[in-house]
Amino acid sequence: MSNQHPSEAEVISAQKQEIEHLRTWINDLQSGMYINCVYCGHRYGPKTDVPVSMAEVLKEHVETCPKHPMSKLKADVDRLTAALKEIVQEYEEPSGCVIDGATMGKIAKEALNKD
């Protein structure tokens with residue numbers, strides 16, 4: 001009797017199969033259900049004409065729902081990323097002009113104060 005352990009590749013493969021099995025199971029369970037956003041109440045139902053799973057529909061909604069905290073986080077990330085790009089762009093101007101700390105601070109404060 002040998003005590004061989006599965007290889008890492010075998011474990012990962014088994015885990016991927018289990019994940020896919022569970023995703024299919026969730027999609028089957030949700031196929032006849034209504035899915036609601038708990039923040040705004042928007043409702044997706046089994047008769048909604050969507051080519052993806054209900055879980056995927058809800059995920060897409062969460063990213064744009066004005067009342068869901070995740071959409072605010074996404075908007076904050078987008079706004080701050082744009083501000084950082086602006087700072088980098090001004091810092092790397094071809095004229096050789098380097099952005100001063102006050103200007104950099106002003107851009108950062110503007111980005112942080114926007115809602």
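The values are calculated or read from the model by the stated rules, or taken from the named source; none is laboratory data. Worth saying up front: this structure is predicted, and the values here are computed from it rather than measured. All Cβ positions, even for glycine, are placed from backbone atoms using ideal geometry, and neighbour counts span all protein chains on display.
Would you confirm, using the coordinates I've provided, whether Ser7 is at pLDDT 90 or above, farther than 30 Å from Leu73 by Cα and hydroxyl-bearing (Ser, Thr, Tyr)?
Details: at pLDDT 90 or above: yes; farther than 30 Å from Leu73 by Cα: yes; hydroxyl-bearing (Ser, Thr, Tyr): yes.
When the stated conditions are applied, Ser7 passes them.
Hand me the list of helices (runs of 4 or more DSSP H) wholly inside the stretch 19-115 holding 1 or more residues that are loosely packed, with under 15 Cβ neighbours inside 10 Å and at pLDDT 85 or above. Steps first, please.
Values: elements: 54-64, 69-91, 101-113.
In the stretch 19-115, 54-64, 69-91 are the helices (runs of 4 or more DSSP H) which contain 1 or more residues that are loosely packed, with under 15 Cβ neighbours inside 10 Å and at pLDDT 85 or above.
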